Structure formats: structure tokens, C-alpha cells
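Report on the structure given below.
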Amino acid sequence: MNSLARVIAALAAVGVTAGAAQTLTGSLRDRWSSQEVATLASMRLKEAGPRPADPSNAYEQRTDAAALGRALFNDARLSSNGQVACASCHSADKQFQDGKPFGQGIGTGKRRTMPLMGAAHSPFLFWDGRKDSAWSQALGPFEDAAEHGANRVRLAKLVQEHYKVSYETVFGPMPELGRLPDDASPTGTPAEQAAWTAMPERDREAVNRVFANMGKSIAAFERTLSYGESRFDRYAEATLAGDGQGQEVLSQQEVRGLRLFLAKGQCVTCHNGPLLTDHAFHNTGVPPIDRTRPDRGRADGLRKLLQDEFNCLGRYSDARAEQCGELQFLATNDPGQLAAFRTPSLRNVAERPPYMHAGQFTSLEQVLEHYAKSPQAVLGHSELARPGEKHAERQAIRLSAADIQDLAAFLGTLTGPVVQAR
Amino acid sequence: MTTLRIPVAFAAVALLGLAGCGTPPKDLDVSLEKPSAAGVYRVALVPPAQAPAINQLHSWKVKLAAADGTPVHGARFAVDGGMPQHGHGLPTQPRVTRELADGSYQLDGMKFSMTGWWEVKLAIEGPQGADKVTFNTVVDHPRVRP
């Protein structure tokens, strides 16, 4: 019987013996229960499969759209001071993020810049999930006063000035923009808002269409970015194949960390699946930067998402209403969403301190110490059981200093290349 | 009342339990057909024939009958749930979107964001009155693929 057949047989055996302790034996260096093997298998990068298509963006798989998107992504002219591009904070040589606690554009942002790889797999973007597609996400920073500080009429005019041919190749004829005010937007300064309100509806819609298409082309470019396989993936593969020698790709300390990740540390409860995230929102009591004005996270993100004219159900989306399941069945009345933030992927996590939604922690050890302490939330309610708390269902996370070192070592095995498809 | 056939995958995972922190209670009632809390209705949840992937939106069916087994038409449902061991709710807000035939209703927008023990709670408003019911389901990993 080959090694794969042994794994399958072992799993089948568990199915019929209902919970009997089974371990994979043979030539493996490290033994895992069949349940653990199933979990390891589910965490392999290849389980993510091809990037799911975004029905709200009809252009995302076109190479000409991606080429335009790449140019827009790197173009600092698309900002109020001519110095801020998407790439300023999402830097190709820094995992498409910036390594800073807060994004730094025209001003200083309020949250940590997120990397772009894996975005196509997430139903919601940003730490608070206020966007439901990569193209809609890409629009937000352009008009954020702390980021590009631009406005959509000026942006549309800049696209017309510098990218007319490539834009029209992808999206068809550009509208006439010359007679419009230079600066107008429904989200800008009072003057910009007044100018926007004064524009006829059809002009506003034409500008919005160009603005949305900027996002759609940037999303087509971002779609070419993905995570590559890490040492952990090779270890999981070797374990499934019954290849003990292959398991040596992880040190004994890293394997101890992996065992903690799956069990005592409870990390895998939220950091699950091939991208090590459940794509959901949780309040884990991460301390706010300003305790007097704590970030409301998902609770505000939900409101913004529902009001967003660029969401899946909006007129600039290419999806049919029934393709917007996440929005149709959005959990809007869950009190647990107050001060909850999106579970970030742990792929390449060791390469991008600082951590949490506002860069609260500078090292992985500090992050792990936070979970070991499980402090009360300043706003909302932490899902974590507190040390010593007698809770009917939940268990507190208990980690020794040595456990924290082992877990941090394991997290380093999740680092792989950033792949840019051509 | 028709006998409900629950796919083997869902029945089997209920026996398996989970590694580490998330082990559901040993005596967890995972039956998907039961009387409502006050005994007003008999309620059954019918999962999809093929177990959905983690984070995949999918649909269930709800079968509602009076205590004597007669199918109940025209009921309304409020859906709630979550993971008791993790202290969070459902990642989506599922809804009963329409009544199919014979006291059978379509439950759309279901999604499980992780493996483990999930509760699915229905608050029922029907001709016989209001009642509620809580189901437990244990979501496991799909079969290991090489």
C-alpha cells in the first residue's frame, strides 16, 4: 500500500471506529492524528484553488485591464500633491504593504496598511470590511484625505489626459469631461461636495463610471498578485505523503509551534484554511490606540458597506443581484461586530510587522502574549475567554514563555514568495 | 411525515469530534429533526446533499410540521446561531426566503467560516403559535485530497 493509500485508509478507519485514537505511523518523523492530518491538509496553499472570479467586475481577467491597472497603481499623479500612488503604501518590495503602524499618504491614516495578496479570496476588504470587492476597495484611498486626497472628477480628468487610449480599449469611449468642474466629489471638502451636487445626474454618473472602471482595472492588476508556497506547505505535503524525510523541512521547535497552533493556542479556530484566515470579523480585545475613542471596526464598516454606491448591488457593479450573496445575507445585527476586525491572513506574517489593525504590536511574540493574556475589550466584548474565567463553553488560551517562542518560530514557516503573474 | 435522510457526511462528522480546543461536548445532540422547545412543532433541518466548503454560501431546507406531523404552511422564521465554544455568531444572516411545497421552506445564506460545533437557532411564528428550536451541527474538514 502506498503512503497516500495509507492516509486514506487511516481516515476511513476513523470514520468507522468513531473517534478511536489513530496516528499515522510508517516512516514519518512527526506523528499526527488523522484529524490533525485533515486540518494540515486544509491549510495547504493549494487548497485555495484558483482565484474565484468576481462577478461584480467584468474586466478583472483581461490583460489589457490589468496593464492599465498596473499603470494607475503606480501613478503618483493620481493624488492631490502628485506624490502618492497606491504603490506608496502597497510597496512591491515590502509584501505590498508599508511596514508602518498607519498608512502614510497626504496625511497619516488610522489603520495599518493591509497586503494585497489573497484579496480576491476575501468577501470583504479593509480591516472593517467596508468594501465587498477588490475594485471597490481600490477606490476608497483615492478620495481619502489622509491617503491620495484626490476627488473623482479630477481623477477622471487625469485618466482622460494620460490614459485615454488604453482606457477606451478596455472600457469603450470616455465621456466628455472638459466642461465639468476640476474638483468635485460627494465625499470631498465642502466646496467639492457643493460642486458635485451642482452637476447634472448624468455627469455624476459618467464620472462615477470612469472612477469605478479605474478600480476595476486596478483589481485586474491586483489579481495577478498571490502568495507562493511556504515551508509549512511542503511540510504538510510531506506529512500527507507519509514522507518522514520531507518533514525535516520544519525544525522540531517549529513543529512544536504547529502543534500549539492547532490545539492549545487555539490559533487555527480563526486562522484556518489555506490563507490562514476565516475571512470573518472578531473582537479579540486588541487595545485601541486611543482608549477614549476606540475604533468601532466592523460595526461602522457594515454601515459604510450598505451605503456604498460601489458595492455588489450598486449600479456600477457587473453582478446580478443573486450573485451578491454576501451582501444579501450580511449579518447586520450581531452585537459581536462592535470593535471587531477582519482576521488577517497569516501567510508571510513574519515579514510584515507591526501587527494588528493599528500596528499595536511590534513583534509576533507581543501578539502571542496578547492572546495569552486575553485582556477585556475596551469597546464591545472580546470573544476570548479570560485566564481563570470559568466559562461553560470556552477555554482560556494558556501559553508559557516557551510556547510563545515555539509558536513564533512556527509562524516563520508560513513565509513564501510573493508571486506576480505576468 | 416523510422520513428525513441526512447525508452520511454530516452524520459521520458528528461522531468524529475535533482536535484540541474545539472539542464539542460528548453528549451533544446533533439530531437534525426534533420537537421545538415547547413542543408546538416538529422541525427538521435538511443540509445540502453535498457538504459545502468552509466559507461557501449555501442553502438548507427547513421542514415544519405540527406536533401530529401535519405539514405547517405559512410560517415565518428568524434565524440565529453561532459557535458556543468561540463566543461568536454566524458569519452571515441566513433567511428563510420562500416556502417550497408541503411545509418545506428554503433557508438561504448559510455559511460556516470554520470547522467545529455550530448552533443554528430558529424562532418560529406559525398558525399554531410561536416557538423556537436549536440545532447543533459539527462542521468538519472535507475528505483529504492528495
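The values are calculated or read from the model by the stated rules, or taken from the named source; none is laboratory data. Note that the coordinates shown come from a computational prediction; the quantities given were computed from them, not determined experimentally. Cβ atoms come from the backbone with ideal geometry, glycine included; neighbour counts cover every protein chain shown.
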Next item on the list: With respect to A:PRO274, determine if the residue is closer than 30 Å to A:ALA401 by Cβ and at pLDDT 95 or above.
Entry: no
Margin query: Exactly one of these conditions fails for B:ILE124: (1) buried (at least 19 other Cβ atoms within 10 Å of the Cβ); (2) within 12 Å of chain A (Cβ to nearest Cβ); (3) more than 30 Å from A:GLY242 (Cα to Cα); (4) among the β-branched types (Val, Ile, Thr). Give me its number.
Written below: (2)
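Residue-by-condition table, conditions (1) modelled with pLDDT of 95 or more; (2) under 20 Å from B:GLY87 (Cβ atoms); (3) among the aliphatic types (A, V, I, L, M):
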site	(1), (2), (3)
A:THR239	yes, no, no
A:SER251	yes, no, no
A:ARG256	yes, no, no
A:THR269	no, yes, no
A:PHE281	yes, yes, no
A:GLY285	yes, yes, no
Next item on the list: Can you run down the residue pairs with Cβ atoms below 6 Å, 6 or more apart or on separate chains, where the first is in the stretch A:357-376 and without any contact (Cβ under 8 Å) to a residue 12 or more places away in the chain and the partner is part of a helix (DSSP H, G or I)?
Entry: A:PHE361/A:VAL367
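Quick check on this structure: which one of A:HIS271, A:HIS279 is at the interface with chain B (Cβ under 10 Å from one of its Cβ atoms), buried (at least 20 other Cβ atoms within 10 Å of the Cβ) and on the phi > 0 side of the Ramachandran plot?
Numbers: A:HIS271 fails: on the phi > 0 side of the Ramachandran plot.
Of the residues listed, the single one that is at the interface with chain B (Cβ under 10 Å from one of its Cβ atoms), buried (at least 20 other Cβ atoms within 10 Å of the Cβ) and on the phi > 0 side of the Ramachandran plot is A:HIS279.
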Item checked: Residue satisfying all of: in the stretch A:249-268; under 18 Å from B:THR115 (Cα atoms) and in a helix (DSSP H, G or I); nearest to the other protein chains (Cβ to nearest Cβ) among these -> A:LEU262
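Just a yes or no: is a residue in the stretch A:385-397 modelled with pLDDT of 95 or more and either in a loop (DSSP other than H, G, I, E, B) or within 14 Å of chain B (Cβ to nearest Cβ) (or both)? Outline the logic, then answer.
Start the filter on the stretch A:385-397 by keeping residues that are modelled with pLDDT of 95 or more, which leaves none.
Checked against the condition, which is being modelled with pLDDT of 95 or more and either in a loop (DSSP other than H, G, I, E, B) or within 14 Å of chain B (Cβ to nearest Cβ) (or both), the stretch A:385-397 yields no hits at all.
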Next item on the list: Identify the single condition in (1) closer than 30 Å to A:GLY265 by Cα; (2) at pLDDT 95 or above; (3) more than 10 Å from chain A (Cβ to nearest Cβ) that B:ALA51 does not satisfy, given that it satisfies every other one.
Entry: (2)
Next item on the list: Scan the stretch A:75-94 residue by residue and report those that are within 25 Å of A:PRO354 (Cβ to Cβ) and of a type outside the set (A, V, I, L, M).
Entry: A:SER79, A:GLN83, A:CYS86, A:SER88, A:CYS89, A:HIS90, A:SER91, A:ASP93, A:LYS94
Notebook entry, point to check: Name the residues in the stretch A:317-340 that are surrounded by fewer than 22 Cβ atoms within 10 Å (Cβ to Cβ) and more than 13 Å from every other protein chain (Cβ to nearest Cβ), would you?
Noted result: A:ASP318, A:ALA319, A:ARG320
Next item on the list: Scan the stretch A:351-373 and give yes if some residue there is of a type in the set (Ser, Thr, Tyr), crowded, with 20+ Cβ neighbours inside 10 Å and in a loop (DSSP other than H, G, I, E, B), otherwise no.
Entry: no
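Any residue at all in the stretch B:129-138 that's part of a loop (DSSP other than H, G, I, E, B) and over 17 Å from A:THR332 (Cβ atoms)?
Just the residues of the stretch B:129-138 that are part of a loop (DSSP other than H, G, I, E, B), to begin with: none.
No, that holds for no residue.
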Next item on the list: Look at A:ALA263 and say whether it is on the phi < 0 side of the Ramachandran plot, touching a Gly at 6+ places or on another chain (Cβ under 7 Å) and surrounded by fewer than 22 Cβ atoms within 10 Å (Cβ to Cβ).
Entry: yes
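Scan the stretch A:366-383 and give yes if some residue there is touching a His at 6+ places or on another chain (Cβ under 6 Å), under 19 Å from A:THR269 (Cβ atoms) and not basic (Lys, Arg), otherwise no.
Initial filter on the stretch A:366-383 (touching a His at 6+ places or on another chain (Cβ under 6 Å)): A:383.
Imposing the further condition that a residue be under 19 Å from A:THR269 (Cβ atoms) reduces the set to A:383.
Next, only the ones that are not basic (Lys, Arg) stay: A:383.
The answer is yes; a qualifying residue exists.
Does the stretch A:271-297 hold any residues that are touching a strand residue (DSSP E or B) at 6+ places or on another chain (Cβ under 6 Å) and within 30 Å of A:ASP233 (Cβ to Cβ), and which are they? Steps first, please.
Kept after step one, since they are touching a strand residue (DSSP E or B) at 6+ places or on another chain (Cβ under 6 Å), are these residues of the stretch A:271-297: A:281-283, A:297.
Correct list: A:PHE281, A:HIS282.
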Notebook entry, point to check: When only residues in the stretch A:282-299 that are of a type in the set (Lys, Arg) and not in a helix (DSSP H, G or I) count, which is farthest from the other protein chains (Cβ to nearest Cβ)?
Noted result: A:ARG293
Next item on the list: State which residue pairs qualify: first residue on the phi < 0 side of the Ramachandran plot and inside the stretch A:187-214, second residue among the small types (Gly, Ala, Ser) in any location, beta carbons under 6 Å apart, and separation of 6 or more residues or different chains.
Entry: A:GLU192/A:ALA184; A:GLU192/A:SER185; A:ALA195/A:ALA184; A:TRP196/A:ALA184; A:TRP196/A:SER185; A:VAL207/A:ALA156; A:VAL210/A:ALA156
Check: What is the residue count in the stretch B:67-80 for residues that are over 13 Å from B:LYS121 (Cβ atoms) and either part of a strand (DSSP E or B) or at the interface with chain A (Cβ under 10 Å from one of its Cβ atoms) (or both)?
Finding: 2
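For B:ILE54, indicate whether it is touching a residue at least 40 places away in the same chain (Cβ under 8 Å), surrounded by 19 or more Cβ atoms within 10 Å (Cβ to Cβ), not in a loop (DSSP other than H, G, I, E, B) and not polar (S, T, N, Q). Show your work before the answer.
Working: touching a residue at least 40 places away in the same chain (Cβ under 8 Å): yes; surrounded by 19 or more Cβ atoms within 10 Å (Cβ to Cβ): yes; not in a loop (DSSP other than H, G, I, E, B): no; not polar (S, T, N, Q): yes.
No: the conditions fail for B:ILE54.
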Note to self: For the stretch B:98-116, give me each residue that is facing chain A (nearest Cβ under 9 Å), out of contact with any His (no Cβ under 6 Å at 6 or more places or on another chain) and in a strand (DSSP E or B).
What the structure shows: B:ASP108, B:GLY109, B:GLY116
Note to self: Just to verify a result, which residue in the stretch B:81-94, among those that are at the interface with another protein chain (Cβ under 7 Å from one of its Cβ atoms) and assigned to a strand (DSSP E or B), is nearest to A:ARG386 (Cα to Cα)?
What the structure shows: B:HIS88
Next item on the list: Look at the stretch A:296-315 and say how many of its residues are crowded, with 20+ Cβ neighbours inside 10 Å and over 21 Å from the mean Cα position of the chain (by Cα).
Entry: 0
Notebook entry, point to check: Which of (1) more than 18 Å from the chain's Cα centre (by Cα); (2) of a type in the set (Asp, Glu); (3) more than 14 Å from chain B (Cβ to nearest Cβ) is the odd one out, the single condition A:ASP243 does not satisfy?
Noted result: (3)
